[in-house]
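Here's the structure we're looking at; comments come further down.
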Amino acid sequence: MTAQRRVEARSSRSKGPLAAQAPAAGLGVIVMAAGLGKRMRSKQAKVLHQVAGQAMVLYSVKLGLQVAGDRLALVVGHQNDQVRQVIETAISDKQRRARLSIVEQREQLGTGHAVVQSRPVFAVGTRGAPARYLILNGDTPLLREETIRELLRVHDAERAAITILTAILQDASGYGRVVRAGLTGRDISRIVEDPDATADEQAIREINVGTYVVDGAFLFDALEKLDPSNAQGEYYLTDLLHIAVSQGRRVAAVVLEKPEEGLGVNTRQQLAEAERVIRQQIRERWLEAGVTMIDPGSTWIDAGVTIGKDTILHPNVTLEGATTVGEDCVIRSYTRLSDCTVGDRVEILDHSVLRESVLEDDAILGPFVHLRPGVVVRRKAKVGNFVEMKKTDLGEGSKANHLSYLGDAKVGRGVNIGAGTITCNYDGIRKSQTVIGNHVFVGSDTQLIAPVTVGAGAVVAAGTTVTQDVPADALVISRVPQVNRAGWAAKRRALATDPPHGNHVNLVGTAKKRAKSRSPQRRA
Ligand code: UD1
Ligand code: MG
């Protein structure tokens, strides 16, 4: 009564980017993500923990949406507000959102109980119930779409009531074990959970991955028959196999060729293992797509990142979140980009930290640049060492090459921002804007006290504190007038080396003492 197929290992060469396949007709998907995950020893619900910069639950949800021809029900419980938030942010596409329903499991009474909560999602609408369901754990982030397609193919070919995904592990501890019996010893009779397994059953190395295809007519009726009299007092979804077999229905299985794909994350160790595997897969994918990595092992790329052809990533580069990098860019070592959009031919030198910013084509940045959220560096603009920017638009071809802070600023085209320029955007209560017109020359060590506007073509003399708007094409200068005292330095030196009465005299020190004895505090 059992059938099994192996998922063929595909060489990474043949993998390539997956051509999007059509959703499977009449397939409803249920993702279970309500558990706390006690074994993580965390304040945070397990499915919110990140793997390669993406909450674990999103791997199952995105995979589910990829194949679902019908609705997808996500079962949430622990920290469900945060889980909903993560889903809302990540699944923004309206069509995909419309197919996704979130249901709550108030008490976590087991995986069987979790699936029961999804029933109302599939009971509504004119389409009728799905012909079959794909059920996914929320803690198996390494599963691949090809595997799910194979599981569906086998399920249909075998006309099974349930088809499960299994893996053969060296160390199967913690997982549900697949018990096979029958004349050939190959027929699956049930799954036994780790805490309920006898010593003999614990020796079984074939495990249940937690990925199931279940016949639509069978699922919810069979769930009503679950009984929580087991070691954990839970309604086990896995007891469905036993129910199917006892009704004389077919149970089929697909055995993973690469068991690591079936990794279930219950502990921090397993989380680290999932991270390691996914990071490696991501590197391979981008190498394959034409990205150069000088040292792939130290190059960290999140799941949501995209990178253009012929871009070169030097050792210890980190690309995070929804960052996109164009073609022919060079990113030097120890640079981190988070949620940034980078055009083509952009060069970012070492030790730069860039967040939620946009770099247009041919921009050059670094080393040691800090971009906080809301920066736009326009085409061919340059940002040099020790420059911090925040909510600033740096115009085309403009330069801020050394030691500056630009915050809440709009800088036009072809502007030179001299070394040490600071926009004083915060008066302790509110933030204000600085506007600098096209082709302005800002001399070194300038402070711009916002709100302030410098008109196009103006020249700001070095050392100026700009407190009022500057008209276009004007010179603005505010400096203490310079005083030259002829011979003063030579006299000072003479006093220091040839002291009167043999005592060492320090001109500066003496002047300070005099000033102190005259200070009002002293006299009071
Ligand atoms: C489960 C399987 C086990 C399998 C393993 C694979 C059961 C009874 N056992 O065990 O056979 O080898 O996965 O990784 O299914 N969840 C809920 N509500 C609940 C309980 C769990 O939504 O009341 C969710 C969790 O958030 C998680 C998933 O279901 O995403 C699996 O739960 P977990 O506690 O991790 O089950 P395992 O012990 O790993
Ligand atoms: Mg688990």
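The values are calculated or read from the model by the stated rules, or taken from the named source; none is laboratory data. Keep in mind the model is a prediction, meaning the values are calculated, not measured. As a convention, Cβ positions derive from the backbone with ideal geometry for all residues, glycine included, and neighbour counts pool all protein chains shown.
Structural remarks
- Some residue of region 387-406 being at pLDDT 95 or above, over 23 Å from Ala458 (Cβ atoms) and assigned to a strand (DSSP E or B): yes
- Among the residues of region 180-200, the ones that are in a strand (DSSP E or B) and either hydrophobic (A, V, I, L, M, F, W, C) or within 16 Å of ligand 2 (Cβ to nearest atom) (or both) come to 4 in all.
- Matching residues, region 201-237, being part of a loop (DSSP other than H, G, I, E, B), of a type outside the set (S, T, N, Q) and either at pLDDT below 95 or over 16 Å from Val178 (Cβ atoms) (or both): Glu224, Lys225, Leu226, Asp227, Pro228, Ala231, Gly233, Glu234, Tyr235
- Being at pLDDT 95 or above, surrounded by fewer than 17 Cβ atoms within 10 Å (Cβ to Cβ) and part of a helix (DSSP H, G or I) holds for only one residue in Glu257, Glu273, and it is Glu273.
- With respect to the conditions (1) without any contact (Cβ under 8 Å) to a residue 40 or more places away in the chain; (2) more than 22 Å from Leu219 (Cα to Cα); (3) among the hydrophobic types (A, V, I, L, M, F, W, C); (4) surrounded by 15 or more Cβ atoms within 10 Å (Cβ to Cβ), Leu143 lacks only one, and its number is (1).
- Considering the conditions (1) assigned to a helix (DSSP H, G or I); (2) within 16 Å of ligand 1 (Cβ to nearest atom), Val265 is excluded by exactly one of them, (1).
- Every test in (1) β-branched (Val, Ile, Thr); (2) closer than 23 Å to Gly26 by Cα; (3) touching a strand residue (DSSP E or B) at 6+ places or on another chain (Cβ under 8 Å) is passed by Val116 save one, and that test is (3).
- Region 254-291, subset more than 19 Å from Asp139 (Cα to Cα) and acidic (Asp, Glu), residue nearest to the chain's Cα centre (by Cα): Glu284
- For the condition buried (at least 22 other Cβ atoms within 10 Å of the Cβ) and in a strand (DSSP E or B), Thr423 qualifies.
- Of the candidates Arg159, Arg127, Arg144, Arg132, the single residue that is more than 14 Å from ligand 1 (Cβ to nearest atom) and under 29 Å from the mean Cα position of the chain (by Cα) is Arg144.
- Asn266 being within 27 Å of Val57 (Cα to Cα) and among the polar types (S, T, N, Q): yes
- Listing of helices (runs of 4 or more DSSP H) fully contained in region 60-141 that carry 2 or more residues being among the basic types (Lys, Arg): 94-98
- Residue selection: Gly321 satisfies the criterion of being within 24 Å of Thr392 (Cβ to Cβ) and surrounded by fewer than 18 Cβ atoms within 10 Å (Cβ to Cβ).
- Residue within region 361-384 that is over 22 Å from Asp344 (Cβ atoms), in contact with a Pro (Cβ under 8 Å, 6 or more places away or on another chain) and surrounded by fewer than 22 Cβ atoms within 10 Å (Cβ to Cβ) present: no
- Residues satisfying the stated conditions in region 6-57, i.e. closer than 28 Å to Glu284 by Cβ, charged (D, E, K, R) and at pLDDT 60 or above: Arg6, Lys46
- Selection from region 178-223 of residues that are of a type in the set (D, E, K, R) and under 34 Å from the mean Cα position of the chain (by Cα): Glu193, Asp194, Glu206
- Unmet requirement for Ile243, which otherwise passes all of (1) touching a residue at least 24 places away in the same chain (Cβ under 8 Å); (2) within 15 Å of ligand 1 (Cβ to nearest atom); (3) surrounded by 15 or more Cβ atoms within 10 Å (Cβ to Cβ): (1)
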